[in-house]
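Input: a single structure, listed below in structure tokens.
What follows draws every value from the coordinates through simple rules; no lab data is involved. Predicted model only: the values in this text are computed from it and were never measured. A quick note on method: Cβ atoms are made from the backbone with ideal geometry, for glycine too, and the neighbour counts reach across all protein chains shown.
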Amino acid sequence: MTDAAAVAGHDGTYQPSAKDIRMVIAASSAGTIFEWYDFFIYGTLAAIIGKTFFPSDNATLEILLVWAGFAVGFGFRPLGAVLFGFLGDRLGRKYTFLVTVTLMGIATAGVGMIPSAATIGIAAPIIVLLLRILQGLALGGEYGGAAVYVAEHSPPEKRGFYTSFIQASVVGGFVLSLIVVLGCKAVMPDALWESWGWRVPFLLSLILLAISLWMRLKLSESPVFKAMKAEGEIARNPLKESFTYPGNPKRIFIALFGIAAGLTVIWYTAMFSGLAFLKGPMKVDDTAAEIIVGIAAALGMGFFIWAGRLSDRIGRKRPIVWGYAATLVLLFPLFWLMGSVGNPGLEAAADKAPIVVRGSQCSYDPFAQKQVTACAKTLGELTKLGVPYAVVSSDSGFDSVQVTIGDREVAGEDPAVLKPALEAMGYSFEKQVPGAFGIVVILAALLGLSALSGFTYGPVAALLSEMFPPHVRYSSLSIPYHLGTGYFGGFLPLIASYIIAKTGNAYAGLWYTWGVVLVAFLVSAFMLKDPVEGQWDKPTSSAGEAV
């Protein structure tokens, strides 16, 4: 990059050379892909991480603990946004996201080096959680830095298009995690993969870190930050000024509830819930499910870039609101479509021989190490098997349970009899690969979910960068974004899994997504306004006043 760009004004309206902008986008996007790879590899390997670091006699509890660890990383993203947002507004965009990518790479490699719980006991999950916290802190600073950096190098008429590559890079991190996992599994015997081979994807983050640092060290500082520094307009306290600058509290509210929360739950539902749905209730072969979801995610990246480019022509608001409205209508039908072809035999068995559980004290606790009552044990076994059921509570004063499968009654006191009884009624628990038609339909459904995500996610980096004044932009953008994505999105797998476990309905967890999207739709439709180009042209003092 040349230093000539330093003469640009605060709004970044200059024309970079084609070479310059390609380098800015490539380096920023590559770093974002690698950071999200590091973060998502944990979710991609959720099952094996549960067995290694969170072993339990309760399989449902095991996976819930894994998702709790996933959520912990997201929970610390807002703190990372505060910390690195402060540094980004005070010290510069470039060096701040150099620090974040380094921290992420080291923390991810560390997960691959932790001995199992069988070896070091409770220390194993504690260390995992500590490293997830470091990952969350790093990710809290990464997105804002990359988004602001690219936005401040982009001409206004192409800002949505250029920054959409940052948005697509988040998906790229997920796709890369699947590619690496599938590649490792393909070259390793199953026994080797299960014993220690799964650690290789985590250790590869050191190589990705080296590549990312090499690319980002070739970049110069953002021209907007250079101009502010030259004019002495650096914020004294970016965190405080983010909440005291005129109009910023309202903008932060809209960014949190109208943008970040909604777009995140759609994307995590499309990818993580979609993958868990296929592997779990639909009993699709793990490798086949990962390949199908990976292909859909890779193809779906095009929707992010297209929506970002569209926002340059029609404004940022309309694609986002349209995406939310379509999600409210299509979310359940798209998952029902996958369910109808993912495992037709299982679906037919559930229709022909529905499961009804009758008993007293039928309260299943997914977080309990062991269930106490007979009915709770039965519900736990059915949840573990991943089959739908209905519960009819009895008021009898003693501990009892009776299971009806179609027209057959089964004594439910011994959960071990349930699986053979279900198999006798046509239920199959063997992992399977859908037929060609089923794969095409699942891909189409996942691409539909990707399109919904692209509409709501593609224009966002440009929108958030334009919403906030330059001297507190890094902090003002990062805080609501990571609060929304960290808490509404990061806790989605845990909350959705808990709802499914409590209800026995594989689709029940989608209500969490639907509710959050409804709030986001209302906030964005009635409160969000397209930013006005040039609104930050005038330099602002560190006190937030025009000068």
(message) Taking every DSSP beta bridge with both residues inside the chain, roughly what % is antiparallel (nearest 5)?
(response) 65 percent
(request) Counting only C-alpha contacts under 8 Å and six or more residues apart, can you give the relative contact order of the chain as a whole percent? (result) 26 percent
(request) List every residue whose amide H lies under 5 Å from the amide H of Val433, counting only residues 5 or more places away in sequence or on a different chain, with H placed 1.01 Å from N in the peptide plane. (result) Asp285
(message) Translational diffusion coefficient of region 346-424 at 37 °C, 0.692 mPa s, Stokes-Einstein with Kirkwood Rh over Cα pairs, in µm²/s as a whole number.
(response) 262 µm²/s
(request) Could you work out how far helix 473-483 tilts from the main Cα principal axis of the chain, as a 0 to 90 degree angle to the nearest 10? (result) 10 degrees
(message) Considering the Cα positions of region 83-128, please state its Rg to one decimal place and its Dmax as a whole number of Å.
(response) 15.5, 46
(request) Averaged over every viewing direction, what's the projected area of the C-alpha convex hull for the chain? Give it in nm², one decimal, please. (result) 25.4 nm²
(message) With n ≥ 4 as the cut-off for DSSP H runs, can you work out [θ] at 222 nm for the chain, using -39500 (n - 2.57) per run divided by the number of residues, rounded to the nearest 500?
(response) -21000 deg cm²/dmol
(request) Mind putting a number on the dipole of the chain about its Cα centre? Charges go on the C-beta only, +1 for Lys and Arg and -1 for Asp and Glu, and I need it in Debye to the nearest 20. (result) 1080 debye
(request) Compute the signed sum of charges (Lys and Arg +1, Asp and Glu -1) over the other residues within less than 14 Å, Cβ to Cβ, of Thr456. (result) +3
(request) Within 10 Å, count the other beta carbons around each residue, average over each peptide in 431-440, 493-502, and list them highest first. (result) 493-502, 431-440
(request) For region 425-439, take each phi angle, set θ = phi - 60°, evaluate the Karplus expression 6.51 cos²θ - 1.76 cosθ + 1.60, and give the result in whole Hz per residue in order, putting x for glycine and proline. (result) 9, x, 6, 10, 10, 7, 5, 9, 9, x, x, 4, 5, x, 5
(request) Would you mind checking Lys185/Lys370; Lys51/Lys419; Lys51/Lys283; Lys229/Lys250; Lys226/Lys529; Lys279/Lys317 for any pair whose Cα atoms are more than 25 angstrom apart? (result) Lys185/Lys370; Lys229/Lys250; Lys226/Lys529; Lys279/Lys317
(message) Let me check against my output: what whole-number percent is the relative contact order of region 346-424, with C-alpha pairs under 8 Å and at least 6 apart?
(response) 36 percent
(message) Can you compute the charge dipole magnitude of region 340-393 about its Cα centre, using +1 on each Lys and Arg Cβ and -1 on each Asp and Glu Cβ, nothing else charged? Give it in debye, rounded to the nearest 20.
(response) 180 debye
(message) For Val391, what residues show an amide H to amide H distance below 5 Å, using hydrogens built from the backbone and excluding near sequence neighbours?
(response) Val357
(message) Just to confirm my numbers, what's the Cα centroid distance between region 175-204 and region 252-318 in Å?
(response) 24 Å
(message) On C-alpha positions alone, give me the angle between the axis of helix 159-187 and the longest principal axis of the chain, in degrees, nearest 10.
(response) 40 degrees
(request) Please identify the cysteines of the chain that lack any partner cysteine with a Cβ under 4.7 Å from their own Cβ. (result) Cys184
(request) Starting with the highest mean, order 353-366, 119-132, 319-332, 158-171 by the number of other Cβ atoms within 10 Å, averaged over the residues of each peptide. (result) 158-171, 319-332, 353-366, 119-132
(request) May I ask you to derive the relative contact order of region 288-415, considering only C-alpha pairs under 8 Å and at least 6 residues apart, and to give it as an integer percent? (result) 22 percent
(message) Taking the 0 to 90 degree range and rounding to the nearest ten, how far is the long axis of helix 317-342 tilted relative to the main principal axis of the chain, both from C-alpha atoms?
(response) 20 degrees
